[in-house]
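The values are calculated or read from the model by the stated rules, or taken from the named source; none is laboratory data. Source: prediction; values computed, not measured. Heads up, the Cβs are rebuilt from the backbone with ideal geometry, glycines too, and the neighbour counts pull from every protein chain shown.
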Amino acid sequence: MNGLGFLIYFAWIVGIILLVYGIGFAVYRRRRVREVFKEDKPREITQMFYKNKRVRSFKKYIEQRASFAGTQWKVEIFFAYSLFGGVIGIIIALKYLKNPMTVVPLFVASSLVPWLYLSYFILKKEALLEQQLIPAIQYFISEYSSLPNIISALSNILPMIDYPLEDELNRLIVEVNSGRKPEKALFSFAERINSRWAYRLAHILNLRMQKGININSMLFNLYMDMKTKVVKERERRSETAAARAESLILYLCIPVVYFMATKISPESHYLLTQTSMGRKAMFAVIILVLFGLFTILKLGNSKTE
């Protein structure tokens with residue numbers, strides 16, 4: 001009986017230990033599954049979202065443009081900034097202006113601020129690259145005439161080229177030497193620079209690589225055309241820069257003047273935010289200001305053909 005009681009007591013002890021171990025193991029496994037699920041769930045959702053071809057191409061375009069502008073923004077960060085700007089626009093429309101009619105234009109305008117920020121640096125870099133292409137093509141013509149090998153000639157002129165064109169040419173050389181098709185490497189280079197002159201240069205060099213034709217006259221014509229038109233474009237921008245700057249300052253002063261006027265005369269704020277006619281007038285003013293700003297930016301970014 002004592003032996004049987006001991007066995008029963010021992011069985012109870014072993015059962016309790018196994019039960020505690022089983023519960024602990026189950027809790028541990030549940031936590032691990034939750035951790036893995038938390039880590040994989042956003043990744044799975046993101047992968048499902050990016051299965052669409054258009055979404056993937058848009059993501060690639062935004063991240064390439066952001067990288068070209070000198071930022072490391074991912075598309076998620078870009079959308080977060082855009083959404084934040086849009087929310088600020090909605091708050092201004094509903095809280096300060098108290099005008100539901102202005103929600104949509106202010107939301108759109110505020111959400112475009114991150115893209116305008118990127119566009120400023122993109123256009124600045126593109127203009128610099130276009131200016132650097134003129135001496136680069138001149139150096140290349142001189143080097144290519146004595147050494148009729150495109151990659152070798154490009155490698156020899158690299159020390160004469162400044163940033164950022166130096167990085168783009170170096171990337172082109174590395175891509176071709178690493179086995180990428182010359183045609184894809186050349187037009188990828190032109191796409192990054194986003195200049196019609198770079199596309200013409202890529203086309204000329206591709207003709208030489210693919211068909212072996214003489215490109216000396218083509219390169220010289222490209223150099224002369226580019227030198228003439230880029231100089232004209234630079235002169236046009238210099239002539240219109242003052243007018244564009246003045247117009248931009250005048251448009252940006254409108255909200256400042258409105259804010260000062262409402263502080264000096266609160267009844268004018270009431271008239272524009274609490275009456276039907278005032279709200280319509282405010283909506284019309286915002287639309288006209290945004291249209292004027294868009295026109296100024298578009299004219300400033302246009303290029304002479």
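Looking at Lys229, Lys211, which one is surrounded by fewer than 19 Cβ atoms within 10 Å (Cβ to Cβ), out of contact with any helix residue (DSSP H, G or I) (no Cβ under 8 Å at 6 or more places or on another chain), in the same structural domain as Leu147 (by TED's automatic domain parsing) and farther than 22 Å from Glu126 by Cα? Step through it out loud before you land on a result.
On the way: Lys229 fails: farther than 22 Å from Glu126 by Cα.
Among Lys229, Lys211, only Lys211 is surrounded by fewer than 19 Cβ atoms within 10 Å (Cβ to Cβ), out of contact with any helix residue (DSSP H, G or I) (no Cβ under 8 Å at 6 or more places or on another chain), in the same structural domain as Leu147 (by TED's automatic domain parsing) and farther than 22 Å from Glu126 by Cα.
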Worksheet item: Is it true that Ile193 is within 15 Å of Phe68 (Cβ to Cβ), among the aliphatic types (A, V, I, L, M) and surrounded by 14 or more Cβ atoms within 10 Å (Cβ to Cβ)?
Response: yes
Worksheet, complete the sentence: Inside region 271-287, the number of residues satisfying the requirement of being out of contact with any helix residue (DSSP H, G or I) (no Cβ under 8 Å at 6 or more places or on another chain) and free of Cβ contacts under 8 Å to residues at least 12 places away in the same chain is 4
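Among the residues of region 110-129, is there at least one that is more than 30 Å from Glu235 (Cα to Cα), in contact with a helix residue (DSSP H, G or I) (Cβ under 9 Å, 6 or more places away or on another chain) and not aromatic (Phe, Trp, Tyr)?
Step one: of region 110-129, the residues more than 30 Å from Glu235 (Cα to Cα) are 110-111.
Okay, now just the ones that are also in contact with a helix residue (DSSP H, G or I) (Cβ under 9 Å, 6 or more places away or on another chain), so 110-111.
From what is left, the residues that are not aromatic (Phe, Trp, Tyr) are 110-111.
The answer is yes, given that some residue of region 110-129 is more than 30 Å from Glu235 (Cα to Cα), in contact with a helix residue (DSSP H, G or I) (Cβ under 9 Å, 6 or more places away or on another chain) and not aromatic (Phe, Trp, Tyr).
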Discussion item. Can you list residue pairs whose Cβ atoms sit under 8 Å apart, with the first residue in region 227-244 being closer than 14 Å to Glu130 by Cβ and the second being surrounded by 12 or more Cβ atoms within 10 Å (Cβ to Cβ) and of a type in the set (Val, Ile, Thr)? Count only pairs 6 or more apart in sequence or on different chains.
Written reply: Lys227/Ile134; Val230/Ile134
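Would you check which residues across region 120-164 are assigned to a helix (DSSP H, G or I) and β-branched (Val, Ile, Thr) and list them? If you could, list the steps in order and put the result at the bottom.
Applying the first criterion (assigned to a helix (DSSP H, G or I)) to region 120-164 yields 120-146, 150-160.
If the condition is that a residue be assigned to a helix (DSSP H, G or I) and β-branched (Val, Ile, Thr), then Ile122, Ile134, Ile137, Ile141, Ile150, Ile151, Ile157 are the ones that fit.
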Discussion item. If I filter region 65-96 down to residues being among the basic types (Lys, Arg) and part of a helix (DSSP H, G or I), which single residue comes out as nearest to Val113 (Cα to Cα)?
Written reply: Arg65
Worksheet item: If Met226 passes every condition in (1) within 27 Å of Lys60 (Cα to Cα); (2) touching a Phe, Trp or Tyr at 6+ places or on another chain (Cβ under 7 Å) but one, which one does it miss?
Response: (1)
Discussion item. Condition first: within 30 Å of Met282 (Cβ to Cβ), free of Cβ contacts under 8 Å to residues at least 60 places away in the same chain and not polar (S, T, N, Q). Can you find one or more residues in region 131-152 that meet it?
Written reply: no
Worksheet item: Ile122 fails exactly one of the following numbered conditions: (1) loosely packed, with under 15 Cβ neighbours inside 10 Å; (2) modelled with pLDDT under 90; (3) of a type in the set (Val, Ile, Thr). What is the number of that condition?
Response: (1)
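Consider Ser238 carefully, then state whether it is touching a Leu at 6+ places or on another chain (Cβ under 7 Å) and under 30 Å from Gln138 (Cα atoms). Before you say what the answer is, go through the steps one by one.
Values: touching a Leu at 6+ places or on another chain (Cβ under 7 Å): no; under 30 Å from Gln138 (Cα atoms): yes.
Considered against the rule, which asks whether it is touching a Leu at 6+ places or on another chain (Cβ under 7 Å) and under 30 Å from Gln138 (Cα atoms), Ser238 comes out as no.
Every residue, every condition in (1) surrounded by 11 or more Cβ atoms within 10 Å (Cβ to Cβ); (2) under 18 Å from Pro105 (Cβ atoms); (3) of a type outside the set (D, E, K, R), yes or no:
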{"residue": "Arg244", "(1), (2), (3)": "yes, no, no"}
{"residue": "Lys263", "(1), (2), (3)": "no, no, no"}
{"residue": "Leu272", "(1), (2), (3)": "yes, yes, yes"}
{"residue": "Ala281", "(1), (2), (3)": "yes, yes, yes"}
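Given the condition within 9 Å of the chain's Cα centre (by Cα), at pLDDT 85 or above and of a type in the set (D, E, K, R), answer yes or no: does some residue in region 76-97 qualify?
Quick first cut of region 76-97, residues within 9 Å of the chain's Cα centre (by Cα) only: 78.
Next cut, at pLDDT 85 or above only: 78.
Remaining after also requiring of a type in the set (D, E, K, R): none.
Among the residues of region 76-97, not one is within 9 Å of the chain's Cα centre (by Cα), at pLDDT 85 or above and of a type in the set (D, E, K, R), which makes the answer no.
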